[in-house]
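Single-structure report; data block below.
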Amino acid sequence: MEFQAVVMAAGRGSRMTELTTGCPKCLLPVGNVPMIWYPLNLLKRNGFQEAIVIVPEMAKNEVSEARIDTKVDMKLDIVTIPSSEDWGTAESIRYIKDKIKVDVLIISCDLITDFELHQLADVYRTHSASLAMLLAPVSLSLVNAPAPGQKGKHKRVRDIVGIESHTGRLMFVNSEADFEENVPLRKFILTRHPVVQVHSDLMDAHLYLMSKWLVDYLVENENITTIKGELLPSVVKKQFYHSKTEGKNDITNMKASVTSVDPKKDIHSHKKTGEWYDLLSELSTRSNQWGSLDDCYHGDQVRCYGYIMKDGLCVRANTLGSYAEVNRLIPKIWDSVTGNSERPISASLSRSKSQGGDDSMIGEGTNIADKVTIKKSIIGNHCQLKEKVKLLNCVIMDHVTVEEGSTLQSCILCSNAFVGKGSELKDCIVGQQQRVMDLSKLSNDVILEIEKFIEI
Amino acid sequence: MDKLKLGGNQGSANKKKRNRRAKSSNFIENDHMKGPNFKVVDKTSESSTQASNMCSRVQNEQSKDNKLAPAEESTINPNLSESQYTLKHKKRKSKKKKSPIRTVTDKEEVSMLSADGDIQLSKKNGFGINLDSSGQASEEKIVVSGLEAIKTAKTKVYDHQTLVKAENLLKSTELADSLTGTLKSSIMSTHEALKEESWAPCTGAGKQQRLDSRASNEEGQKTKAQLKAERKAAFEAKRVAEVADKRMSDKQTQQKSKATLRAERRAVQEAQRAAKEGKHQLENVCPVASVKMQEVFLKQDHKEGMKDAEQGAEFSVSKNEKSAGVKKVHKKTSDDPRVSQQEVRKKVRLFRHLPQYHHNYLLTRNLRLAGSDLHPSIIGLGLQISQGVVRGSNARCVALLTALKEIIQDYITPPHKELSRDLEAKIRNYMNFLNQCRPVAVSMANAVKHLTRFITKMPSNINDSEAKLRLCEQIDTFIKEEIKLAKQAISQNAGENIRNHDVVLTYTCSSSVKGALCDAYDEGKNFRVVVVDARPRLDGREMLRCLVKKGIQCSYVLINAVPYIMQEVTKVMLGAHSLQANGYVMSRVGCSQIALIARAYNVPVLVCCETYKFSEHVHTDSIVYNELADPNELVTELPPNKQTLENWQDIPSLYLLNLEYDLTPPDLVAMVITDIGNLPCTSVPVVLRVKHAGSQEV
């Protein structure tokens, strides 16, 4: 086995709390299937037969009830994180360290993409990288998609990525917040890598390939809490600093570096090289740099690479706006992002007098009365849509009832919601089991159970 | 004595066959020498080399003054007597001319001198030269001999016709049709003839035939004009046949079996090539006519190109079907329409038969990230090799062996299977994959051969862990003895040849030369190095980097400055990809040019090569076996932002050829520095025999 897959599904959906109050983030429906189905499907298509799924403890029952493993036909090892802990991604990986035997592929549960994984894997394999990550150009339509229930624009936190364009070697990966006015870059790095492109329009897709030794390193350094925020920037930075003990196979030195608190030394002691590595590098006739007297890769043992998606689609449904937008897009992009998987069963419009287009999806057991108009909407299972209901750009989860003559535009209705007669809702979110009274007219509103909202 | 020497070298039955052929073709060689038409042969082969722009032109020189070389070499190596040298030269010569065709068709051959060039070309087409693989040869033999027969038939028909008549013939389509008939029947007849002949004892019968043919040759001595006409006629006839054949194949494609289809296609290609040859000759003789012909050819070329595309597609498909059962990966990759497109497009004429370069992103496309049939280390290695991260035949070999070691360590024998059999099959599968990434180097093939021999010989009563341990040990000793220590031995031997105030010229980057120069410098020798480099890869920079880092005084020039710089050089040291059994040095393309210039300036050429890279194969030119690298390399490193040739694939008149290797003939090489001493090129068979005997004892 070359890679082990780890699906990070323990996120709390901090940017979409309105929806995650009643439903764990990974099970939020996108195109009538739980969100987590998409990354799992991607893994399945790339030959993974099993995957480790990390979920919060409180969501365990719901996740196992959702029977995702049968849907994707994979063996899922569902690991729960104690609800008392507020763990970052790195801590979660540390928690499952015993299960990790080979290099890992880490994927987030909210990633929906048509990316072909082998392209990233090829970069990783070619350069025997320590870490490879997928970067995708941010699609502005998704970022700027109006989020229902929110006034004003959500401020996006950008990543600043420095990448050597012709090799894909990462120079730095930091969040915008890490820098103040300037983005500093060490001179000696620039001398070695004279062509560095700095991007601020790239999105980290949260798809990483990580070598096994990096996991070991993670285990030893308990102060690292997240992959994206802490591990990644530091490993990328440490590529260029060589271990001081390098080249000396003195046992005392080795010991010192392992027990040392200084991670600078430590990181290099983890990276193992093959027995004949020295001979190989001596024999290699490759020249990969101009005008430098350094060895191959400048003698860097730790190498991080980024792959920038050139075309194709890569979306993370991690904010309200992008969640709503992905749902709108999914009928169109279904085939490409799922590799022509079978669409979830959709009920046909029962009455000819109702209108609905290909840009909509309708779940199983949903009842649609006469003269209903549905446009660009996703409707879950077992919903009741009464007469003369109009839906535009809506996401409606399971067991929702919409009474006669209501008009809903750009709304998200969580499961078991109820909308009374003649209501007009625009850009609203209706929480789980919430009722909207008859003839109410709302826009940009969030209807939630107050206590729960506060708790989160 | 000749036979004895060769026979000792070879064990198996098919090698004996080859021996026989070698001998018989040796006779032919002599016939040529005596025959009145010897000059024509020479010319033909010369023009072919001109066309291919390869180094093999020196063959002619070699055959003329091959008596000079041994004397020079023997001064370097006193261990081998002069007689041995001449003997080896004979052998080499025989190998040069050796091909399955010779035995089959030598009856026609002497009288059919104009076709000689074609025969050589058909050899170059990639078949029949690999003497070890007797399995594949038979089919090609049929094709080639079929062609041969056609040619004879045609020459007989057109022997006394004038040039004008031949041109008229071209137009008459009826005749073309009838010719196709002869083509088919002649294929059949020669096929049968071949069956009988190839197994008949060659010595007696062959001699008789040769005598006959010689007699006929003398009878039919012609004037120069007649010869010209004959050549022209033959060439015209081939064209007619080709046109007819095209039509035929259009009509009957579906009825014919796969084998005949392929045979026909091959025949057409041969005819085309032959036609081209003929054209070259004609140009020398009647320039007016050649202009006319060129016009025709241009048109024909165009058509041909289109047809080639189709053929390529067909060919890849049929290949695919053939190997569908065995090669899973292969099937997957060529299912992709993009692959076939890329492969078919833009094949350079003479190098069509070689596996075309294709991008590696398609290789892994259908490989699973988990639970793939291939071991991850092999996938990684394949990519690294194809991307040039691991480069150089020694490095590739070490990387392969370490990967194999990893595989063996992870290996668990499946239930109901035997370790030796299953592992061998697995390794074969891995090598298939690697071969797709980039054609496997001779060094790698030899190392794997060594390993599989060990695997098959493993006693079946030992348990898995023991077997794995032994295999790993074997790999380690191989790396240590054949590569690491060999490298040290070479640098020691080479060091003895580097004296103070020497100016050593070296070409691109060879790990053994690099090591040798560095070690010599460490010994305190005072010398200067000229590093010659060439586009597109500019590997010489790596050499330069290492030498400069060491503190050696260096100059760096590109290959076009070599004639100038050669004046001050006292020694040329080259690395080698492999050393062929006939003493030809296979090395990075450009080496033969350097050697040739060095000869012109009387500078000795030393080649550093580990003995494990010696090959049993025999090649005499760079066309039969070579490797095509990414043609884009040639255009992408032009001045940045000004890539006028970026879309070269869309320019119909442009073909790019990025060759990897070339062959340097042995008489341009003063000696080969190996781990077992300084040898002449020609001692490859001896070394191989000793090695083979040694491994059999083990």
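Laboratory data are not the source of any read-out in this text; all were calculated from the coordinates shown. All figures in this text were calculated on a predicted structure; none of them were measured in a lab. Here the Cβ positions follow ideal geometry from the backbone for every residue, glycine too, while neighbour counts run over all protein chains shown.
Numerical summary
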{"item": "Average beta carbon contacts from partner chains per residue of B:389-396, 10 Å cutoff", "result": "6"}
{"item": "Fewest-first sequence of A:THR285, B:THR477 by Cβ atoms within 10 Å of each Cβ", "result": "B:THR477, A:THR285"}
{"item": "Segment B:ASP422-B:ALA693, length gained on full extension (0.36 nm per residue, minus Cα span)", "result": "94.9 nm"}
{"item": "Theoretical FRET efficiency, 1/(1+(r/R0)^6), r = Cβ-Cβ of A:SER336 and B:CYS472, R0 51 Å, to 0.05", "result": "0.65"}
{"item": "Rounded to the nearest 20 debye, dipole of the range B:451-532 from Cβ charges on Lys, Arg, Asp, Glu", "result": "180"}
{"item": "Amide N of the range B:468-512 lying under 20 Å from the label point, which is placed 7 angstrom from the Cα of B:SER555 along Cα→Cβ", "result": "B:498-510"}
{"item": "Positive minus negative residues near B:LEU558 (Lys, Arg vs Asp, Glu; Cβ under 10 Å)", "result": "0"}
{"item": "Peptide-level mean, for A:116-123, of C-beta atoms on other protein chains within 10 Å", "result": "5"}
{"item": "Cβ-placed point charges (K, R +1; D, E -1), dipole of the range B:500-580 about Cα centre in debye, nearest 20", "result": "220"}
{"item": "Residues with amide H under 5 Å from that of A:PHE3, placed H, sequence gap 5 or more", "result": "B:GLY371"}
{"item": "Of A:LYS44/A:LYS371; A:LYS99/A:LYS238; A:LYS99/B:LYS468; A:LYS44/A:LYS332; B:LYS426/B:LYS480; A:LYS60/A:LYS388, those spanning more than 29 Å from alpha-carbon to alpha-carbon", "result": "A:LYS44/A:LYS371; A:LYS60/A:LYS388"}
{"item": "Whether the range B:557-698 is rounded, prolate or oblate, judged on the alpha carbon gyration tensor where a/c under 1.5 counts as rounded", "result": "oblate"}
{"item": "The range A:377-448: C-alpha gyration tensor shape, a/c 1.5 cut-off, then a/b vs b/c", "result": "rounded"}
{"item": "Order of A:ARG15, B:ARG689 under a 10 Å beta carbon neighbour criterion, fewest first", "result": "B:ARG689, A:ARG15"}
{"item": "Label-point gap, in nm, between B:ARG528 and A:TRP213 - each point 7 angstrom along Cα→Cβ", "result": "4.4"}
{"item": "B:ASP373-B:ARG453 FRET efficiency (beta carbon distance; Förster radius 25 Å; 0.05 resolution)", "result": "0.55"}
{"item": "Cα-based Rg of the range B:640-691 normalised by 2.2 N^0.38 Å, two decimals", "result": "2.12"}
{"item": "By average C-beta atoms within 10 angstrom, highest first, the peptides A:176-187, A:378-389", "result": "A:378-389, A:176-187"}
{"item": "For the range A:167-208, with +1 on Lys and Arg beta carbons and -1 on Asp and Glu, the positive-most of A:THR191, A:GLY168, A:HIS206 along the dipole", "result": "A:THR191"}
{"item": "Nearest-0.05 FRET efficiency for A:ASP358 and A:GLN433, computed from C-beta distance (R0 35 Å)", "result": "0.65"}
{"item": "Nonlocal amide H pairs with A:MET361, under 5 Å, H built at 1.01 Å", "result": "A:SER377, A:ILE378, A:ILE379"}
{"item": "Cβ neighbours within 10 Å from other chains - mean over B:512-520", "result": "1"}
{"item": "Hz values of 3J(HN,Hα) by residue in the range B:516-524 - Karplus curve (6.51, -1.76, 1.60), Gly and Pro given as x", "result": "4, 5, 5, 5, 4, 5, 5, 6, x"}
{"item": "Prolate/oblate/rounded call for the range A:1-104, Cα gyration tensor, a/c under 1.5 rounded", "result": "oblate"}
{"item": "Label-to-label distance, nm, for residues given as B:GLN492 and A:ASP73 (7 Å Cα→Cβ offset)", "result": "6.2"}
{"item": "Where only C-alpha atoms are counted, convex hull volume of the range B:452-549 per residue in Å³", "result": "139"}
{"item": "Long-range amide H partners of B:MET671 with built H, under 5 Å", "result": "B:VAL605, B:VAL607"}
